[in-house]
1. If I stretch the segment between residue 280 and residue 64 completely, what's the gain in nm (0.36 nm per residue apart, minus their alpha carbon distance), one decimal?
2. What is the gain in length, in nm to one decimal, between residue 167 and residue 57 on full extension, counting 0.36 nm per residue of separation less the C-alpha to C-alpha distance?
3. Compute the distance in nm between two label points, each set 7 Å from the Cα along the Cα-to-Cβ direction, one at residue 154 and one at residue 104.
4. Tally the DSSP beta bridges in the chain and give the antiparallel ones as a percent, rounded to 5.
5. In the calculated pair distance distribution of the chain, what percentage of Cα-Cα distances lie above 25 Å?
6. Which length gain, in nm to one decimal place, applies between residue 26 and residue 71 when the Cα-Cα distance is subtracted from 0.36 nm times their residue separation?
7. Given the -39500 (n - 2.57) contribution per DSSP H run of 4+ residues, what per-residue ellipticity at 222 nm results for the chain, rounded to the nearest 500 deg cm²/dmol?
8. Relative to the longest principal Cα axis of the chain, at what angle does helix 260-278 sit, 0 to 90 degrees, rounded to 10?
Amino acid sequence: MTLLNGKETAAQIRAEIKGRADRFLVKRGYPVGLAVVLIGENPASQVYVRNKIKACEEAGIRSFAYYLPQSTSQKDAEELVSSLAENKQVHGILVQLPLPNGLDAEKILAKIPAEKDIDGFSENNIGSLALGKKAIVACTPLGVMELLKRYGVSVAGKRAVVVGRSNIVGKPMAMLLLNADATVTVCHSKTQNLKEECRNADILIAAIGKAKFITADMVKENAIVVDVGMNRDENGLCGDVDFAEVQKKASYITPVPGGVGPMTIAMLLNNVCEAAERTEE
Ligand code: GUN
């Protein structure tokens with residue numbers, strides 16, 4: 001069994017991105033810039049945003065942080081995003097989700113132009129991804145692909161099963177795997193015979209959001225298992241995969257923490273850097 005070490009791989013990628021960000025600064029005279037908008041006081045979101053901003057700093061990417069109160073109006077939120085869309089120093093805009101109740105996330109996100117949509121959530125980017133065209137791709141699924149690539153795990157021709165169909169992970173993950181010539185099945189809460197579907201997987205991606213949901217009896221011998229989950233149970237942080245048991249069967253497996261999570265942040269930095277590099281001088 002080989003551990004897919006996301007922490008180590010992400011550190012390497014972040015060092016590469018620092019080189020790119022430094023070269024951008026020298027060439028343009030101003031840094032790569034990411035605007036981060038956090039509305040309300042969701043504790044998990046606060047941690048995520050703090051980590052993203054810290055990672056930017058370390059990579060030589062300037063961050064513009066906007067912390068808005070829970071009471072922020074729809075109009076104010078939309079106006080802020082619209083002003084960031086116009087700002088030439090801002091190459092990427094990230095509106096941390098979920099937004100407080102009462103705000104229409106779709107309308108706020110629609111103010112982010114596709115070329116600054118470094119989360120890859122816009123219809124434009126999702127559509128391009130579906131068509132196999134150049135797109136900014138959601139950071140988590142992109143991080144999974146990059147991790148597999150850096151460990152020399154080939155995808156073409158393999159049976160990939162994605163468990164979870166969210167717009168942020170499951171769907172773009174399935175499209176990336178399909179674009180890389182895997183034979184892809186997407187499973188979800190209404191899937192019949194989930195265990196049998198999972199047992200067919202050469203590559204199993206767990207993106208369900210339930211602690212230790214994928215048990216050893218659901219995994220084929222020598223499968224490649226990628227755990228996108230981040231849950232808390234009585235023993236602390238854990239993924240969607242019962243790691244202790246599944247690792248005995250897997251050929252490759254990601255740990256939680258230290259697997260997909262760090263890759264997500266590295267891909268965010270990558271997406272911001274690419275968005276900046278694509279702008280006109
Ligand atoms: N909330 C949870 N994950 C994400 C993410 O990747 N991007 C944004 N903007 N919000 C999130």
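1. Details: separation 216, 0.36 × 216 = 77.76 nm, distance 2.08 nm.
The span from residue 280 to residue 64 would gain 75.7 nm if fully extended.
2. Numbers: separation 110, 0.36 × 110 = 39.60 nm, distance 2.85 nm.
Separation in residues times 0.36 nm, less the Cα-Cα distance, equals 36.8 nm.
3. 5.0
4. Values: 3 of 32 bridges.
Here the antiparallel bridges make up roughly 10 percent for the chain.
5. Working: 18537 of 39340 pairs.
It works out to 47 percent of all Cα pairs.
6. Details: separation 45, 0.36 × 45 = 16.20 nm, distance 4.07 nm.
The span from residue 26 to residue 71 would gain 12.1 nm if fully extended.
7. Numbers: 10 runs with 116 residues, N = 281.
-12500 deg cm²/dmol, from helical runs alone.
8. Taking Cα atoms only, the helix is inclined about 40 degrees.
Read-outs throughout are calculated quantities, based only on the coordinates presented, and are distinct from any laboratory measurement. These numbers were taken from a predicted model, which means no experiment stands behind them. Reconstructed Cβ throughout: ideal geometry from the backbone, glycine too, with neighbour counts over all protein chains shown.
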